1. Out of (1) 52, 47, 33; (2) 56, 40, 30; (3) 54, 35, 34, which label holds the value of Cα extents along the principal axes in Å that was computed here?
2. Can you name the helices of the chain, as whole DSSP H runs, whose Cα span along the helix axis is 30 Å or more and whose Kyte-Doolittle mean is not below -1.0?
3. Using a simple spin-label model with points 7 Å from Cα along the Cα→Cβ vector, what separation in nm is obtained for residue 107 and residue 89?
4. Under the rule a/c < 1.5 gives rounded, and otherwise a/b versus b/c splits prolate from oblate, where does the stretch 134-253 land using the Cα gyration tensor?
5. Report the residues of the stretch 143-171 in range of a label on residue 234: point 7 Å along Cα→C-beta, backbone N strictly under 16 Å from it.
6. If eta is 0.890 mPa s and T is 25 °C, what Stokes-Einstein diffusion coefficient results for the stretch 52-128, Kirkwood Rh from Cα pairs, in µm²/s?
7. How much solvent-accessible surface does residue 2 expose, in Å² to the nearest 10, with a 1.4 Å probe and all protein chains in place?
8. Any idea how far the Cα center of the stretch 101-135 sits from the one of the stretch 1-28, in Å?
Amino acid sequence: MDAVCARIRAVAFDLDNTLARSRKPMLPWMAERFSTLTTLLPVAVITGGRYGLVISQILDVLDAHADRSHLHLMPTSGTRYYRWDGDDWRCVYAHDLGADLRDAAVASLTDHAKELGLWLEDTWGPRIEDRGSQITFSALGQQAPVEIRERWDPDGTKRDALVRAVAADLPELQVRAGGTTSVDISLRGYDKAFAIRELAASLDLPVDRIMFVGRMSPDGNDYPAAEAGSLAVRVTGPEDTARLCDELIARLS
């Protein structure tokens, strides 16, 4: 950790099951650590979730001492980028899908989910969400309880089958497993590798001076950040992330 802290100049985090449980706000003990980190170096959140979830899971629970000017918010796998301008959060860029591509993605997800038996009759909210720069399919619905999500597809085989089927329909788009029950579709080339490179450019840093913290499943949406050359750290959940934050804070303070 001494060698790592001597090398890194910024830290980027995945959100769901890294900083917080899926779609839940950071708990107070994580919010305190996360807020402290923003006073020590630039901190990014790169998540497959939409911007509204970043607000409810991160921004709404920041401690008063957090330095928002050090925060970089990159929702929908980095296809959007927000910075604090002193008064509000400003959108730096947004790479949105065209209407024809969004329609094609929704149609393919619907057809193949039904073919594979993944289109459930009863769900917790909408199955498919149009996030502008990303279409996301959530098999159990957007508001499904965390415990049920985590039991639905523990080895990822259901999501992988849907990813393969939809990707064959949409060669011009990037189709990846997202959260525990979700599949994300965005423009090809706009993933967490793209986000890490954009963050590095914004900070005028080499990519390998950025630590990326996430779950790092090779078939998931975190892995491109590792492939881009960041210092990738795999964690097993928020408690693991908190331990890592304690190590960083102790050495960077």
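1. The listed entry that was calculated here is (3).
2. Working: long enough: none.
The qualifying helices: there are none.
3. 3.4 nm
4. Since a/c reaches 1.5 but b/c is at least a/b, the shape of the stretch 134-253 is classed as oblate.
5. Flagged as within label range: 155-156.
6. Details: Rh = 15.6 Å.
Here the translational diffusion coefficient equals 158 µm²/s.
7. 110 Å²
8. 30 Å
The values are calculated or read from the model by the stated rules, or taken from the named source; none is laboratory data. All of these numbers come straight from a predicted model, not from anything done at the bench. Virtual Cβ from ideal backbone geometry, glycine too; neighbours counted across all protein chains shown. Ligands, DNA and RNA are stripped out before the accessible areas are found, and what is left, the full protein with its side chains, is counted by its heavy atoms. Shrake-Rupley method; radii C 1.70, N 1.55, O 1.52, S 1.80 Å.
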